[in-house]
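Novice: Take a look at this one; I'll ask things after.
The values are calculated or read from the model by the stated rules, or taken from the named source; none is laboratory data. Just so we're clear, the structure is a prediction, and the values are computed from it rather than from any experiment. Counting neighbours? That spans all protein chains shown, and the Cβs are built from the backbone with ideal geometry, glycine included. Surface areas here come from the heavy atoms of the whole protein model, side chains and all, with no ligands, DNA or RNA. Shrake-Rupley method; radii C 1.70, N 1.55, O 1.52, S 1.80 Å.
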Amino acid sequence: MNHLGTQKIQTERLILRKFQLQDAKYVFENWAGDSDVTEYLSWLPHADIKVSEDYIKTLIKNYEKNDTYDWAIVLKEINQPIGSITAIEVNEKAEKVHIGYCIGKKYWHLGITSEALKALINFFFLEVGVNKVESMHNPINVNSGKVMQKCGMKYEGTLRSFYKDNTGIVDAAFYGILKEDLEK
């Protein structure tokens, strides 16, 4: 794998870029402080903007490593972060990355998350050289699975009682796409 770190990526409507400390207000207000957004996530909603600031400070420190992939999803139209998309796990031996994402409720069902995920799938296959991009979701959160399907990811199975999100201990529906799938 050719690790490049969190590179700036542009799509038609989005800029995917590193987080900056001045993003804390948007992180808190647009998604991280919203319990509806974090309902199916494994981290609690941020209690206040200080939590968002601390989170960003940690990300900024992690950006020093070239195998850190953590983007702010910036909507060009308003030039502010509206969500995040991250390689939660980078598995060097298996040449794969596991992606997680979340986006502000106001921006659900607009194809924005799919647009960001498609851009990252291409980045990881073509630039970093991974063999597989995978993701998972709580099966109750069907819209997250629809994002994965829209990006060409295939359902691979559900693991029972796999992780804990803010609803409790839950199953995980896994999706993946291989580099060879893109080439078809």
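Novice: With r as the distance between the Cβ atoms of LYS8 and LYS65 and R0 = 25 Å, compute the FRET efficiency 1/(1 + (r/R0)^6) and round to 0.05.
Specialist: 0.90
Novice: Roughly how many debye, to the nearest 20, is the charge dipole of region 1-90 about its Cα centre, given +1 on each Lys and Arg Cβ, -1 on each Asp and Glu Cβ, and no other charges?
Specialist: For this selection, approximately 420 debye.
Novice: In nm, give the distance between the simple-model label positions of GLU89 and GLU156, each being 7 Å from the Cα along the Cα-to-Cβ direction.
Specialist: Each label point is offset 7 Å from its Cα along the Cβ direction, giving 0.9 nm.
Novice: Out of the total accessible area of region 1-69 (probe 1.4 Å, heavy atoms of protein only), what percent is carbon and sulfur?
Specialist: Roughly 48 percent, rounded to a whole number.
Novice: Is region 48-152 rounded, prolate or oblate when judged by the Cα gyration tensor, a ≥ b ≥ c being the square roots of its eigenvalues, rounded requiring a/c under 1.5 and prolate requiring a/b larger than b/c?
Specialist: Numbers: a/c = 1.60, a/b = 1.07, b/c = 1.50.
Cα axes put region 48-152 in the oblate bin.
Novice: Near LYS96, which lysines are there with a Cα under 16 Å away, not counting those fewer than 8 places off in the same chain?
Specialist: LYS96 reaches LYS118, LYS132, LYS154, LYS179.
Novice: Just to confirm, what accessible area per residue do you get for the chain at 1.4 Å probe, in whole Å²?
Specialist: 52
Novice: Along region 113-125, what does the Karplus equation 6.51 cos²θ - 1.76 cosθ + 1.60 (θ = phi - 60°) give for ³J(HN,Hα), rounded to whole Hz, x for Gly and Pro?
Specialist: The phi angles translate into 5, 4, 4, 5, 5, 4, 4, 6, 4, 4, 4, 5, 6 Hz.
Novice: How would you rank 85-94, 135-144, highest first, on the average number of other Cβ atoms within 10 Å across their residues?
Specialist: Packing proxy ranking, top to bottom: 135-144, 85-94.
Novice: A further question follows. Scan (1) 1.03; (2) 0.97; (3) 1.20 for the value of Cα Rg over 2.2 N^0.38 Å calculated from this model and give just the label.
Specialist: After the calculation, the listed value that fits is (2).
Novice: Which whole-angstrom value gives the distance between the alpha carbon centres of region 6-62 and region 130-182?
Specialist: Spelled out, the Cα-based centre of one part sits 21 Å from the other.
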